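A quick write-up on the structure given underneath.
Each reported figure results from applying straightforward, stated rules to the coordinates on display, with no laboratory input. The shown structure was predicted, so the numbers you read here are calculated from the model rather than taken from an experiment. Here the Cβ is made from the backbone with ideal geometry for all residues, glycine too, and neighbour counts use every protein chain on show.
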Amino acid sequence: MNYRRNANGLNKEDHIHLDVPSGGNCVMTFKDGGSGYYGIRFESRYIDTSEDDSSTGQWIHQWSEDLSRDNQKFKFIPVEGEPDTYYIQSKKGNIYVGLKDNKAAQHTPLKTVDSNHKCKWVVVPTDRVPFPTDKSETFDTSKQYYLWLKEGDTCTYDYRWNANGTGWKDEIHLDIPAGANCKFTFKDMGNNYYAIRFDKRYVDMKDNLQQLGRILWQWEDDPNQANRNFRFIPVEGEPNTYYIQIKRNGLYVGLEGFQAAERYRNLACVDADHACKWEVISTDMTQLESNAKLPGARERPAQPYPRGGLRLRRRQQGALPDGPNRPMRREARRPCKNRLYLPGLAAERRGL
C-alpha cells in the first residue's frame with residue numbers, strides 16, 4: 001500500500017490528504033449515520049465535503065464534532081471481487097471521494113469527483129495492517145544467496161527461487177535443489193529495501209501493476225523502480241526467515257494462484273494472508289552437519305543439505321507469529337478503529 005488517508009491536523013477546516021504509511025493522523029473511526037451511510041471521524045471532528053451540495057471539486061476536510069448533515073455522511077460501495085475495497089459516495093448525490101487532479105501522490109488533497117474518476121479505497125482495521133517497520137535485515141551485497149521456501153515452522157529445503165533463464169521476461173519460479181539458476185545477489189536501495197538480481201537482470205513485478213497475482217520475472221539491469229525493490233521482514237523466532245514485501249504495492253512474494261508448492265510454480269504478488277516465508281542463506285555458508293538437529297525440525301536425511309541459498313518457507317494457515325512484523329490475517333469483524341488506504345486509481349486493481 002503506497003498511500004492512505006491522513007488528516008492535516010486536528011483543527012476545523014483541516015484538509016484530508018494522502019500520506020505514506022509512516023505518516024501520522026491516519027486512524028479514522030466510523031459512526032452509523034443511518035440508511036447505509038456512515039460518518040468518518042478523525043479525533044473529535046467529522047469529515048465532510050466543503051460545500052453542502054452535489055457539485056464536484058469540493059475539498060474533503062474536517063468540520064464539526066456532531067454528525068447531523070448529509071455532507072458528513074458517506075456510503076461504502078463494495079468493489080466486486082476485491083475484498084475490503086470500496087468506492088465512497090457522498091449522501092449529497094452522485095459524487096465520490098477522489099483526488100485533486102486525479103493523481104495519487106504524497107500530500108495530494110482529497111476532493112469530490114464524478115463516477116468516472118472515483119477511487120477505490122481499502123478499509124482495514126488497524127490491527128490487521130502489516131506496516132513495514134524499521135526492523136529489517138541487512139545483507140552483505142557482495143555475496144550470493146539462495147531463497148528457500150519454508151512451509152510451516154521448519155524448512156524442508158525442497159524448493160528454492162530459480163530463474164527460468166537469463167533473458168528478458170524469464171519468470172522466477174520454484175525449483176528443486178538440483179536446479180540451476182538459483183543464486184541471487186542483493187543491491188541495497190536504502191530504507192531497508194533491496195533489489196534482487198540473477199545474472200545481469202533484476203527481479204521485477206510483471207507489467208508494474210498493483211494487482212494481486214502478478215508474477216515475478218526478470219526485466220532489465222536497472223534496480224531503480226519500486227516494483228524491483230523488496231523489503232525482508234524477519235519472522236520472529238525463525239532465524240534467517242523473512243516475509244518479502246514489494247515496495248510498489250505493499251504486497252508480498254508468494255505462489256501463483258495461491259496454490260501448493262511444486263516444481264516450476266511461478267512466484268507472484270499475494271496478499272498477506274497468502275504470504276510465504278523464505279529462508280535466506282548465503283551460498284558460502286558451511287553445510288549443516290548431517291547429525292545436527294534444529295529445535296522443532298524433523299529428522300534430516302542422511303545426505304547433507306545443499307549449501308547456501310534463499311529458500312521459500314510457506315506458512316501454515318493460522319500459524320502466523322505474534323509481533324509487529326507479522327502480516328495481517330483475516331479475522332471476524334468487530335468495532336475498531338480503521339485506516340483507509342488508496343490502492344490505486346479506479347482503473348487499477350488494488351493490491352491488498
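Can you tell me, using C-alpha contacts under 8 Å and at least 6 residues apart, the relative contact order of the range 3-128 as a whole percent?
23 percent.
Taking the Cβ-Cβ separation of Thr29 and Met285 as r and a Förster radius of 56 Å, what is the calculated FRET efficiency to the nearest 0.05?
Between Thr29 and Met285 the formula returns 0.70.
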R0 of 25 Å, Cβ-Cβ distance Thr138-Ala261: FRET efficiency to nearest 0.05: 0.35
Mean Cβ neighbour count within 10 Å, used as a protection proxy, ranking 74-85, 270-281 highest first: 270-281, 74-85
Burial ranking of peptide ranges 41-50, 167-176 (average Cβ count within 10 Å, highest at the top): 41-50, 167-176
In nm, spacing of pseudo-spin labels at Lys169 and Asp53 (7 Å Cα→C-beta vector): 5.2
Among 214-225, 236-247, the order from most to least packed when residues are scored by Cβ within 10 Å on average: 236-247, 214-225
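Could you tell me which of rounded, prolate or oblate describes the range 3-128, using a ≥ b ≥ c as the square roots of the eigenvalues of the alpha-carbon gyration tensor, with rounded for a/c under 1.5 and, failing that, prolate when a/b is larger than b/c and oblate otherwise? Can you show the working numbers first?
Working: a/c = 1.13, a/b = 1.03, b/c = 1.10.
Rounded, since a/c falls under 1.5.
Relative contact order for the range 57-132 using alpha-carbon pairs under 8 Å, separation at least 6, rounded to a whole percent?
Relative CO of the range 57-132 lands at 29 percent.
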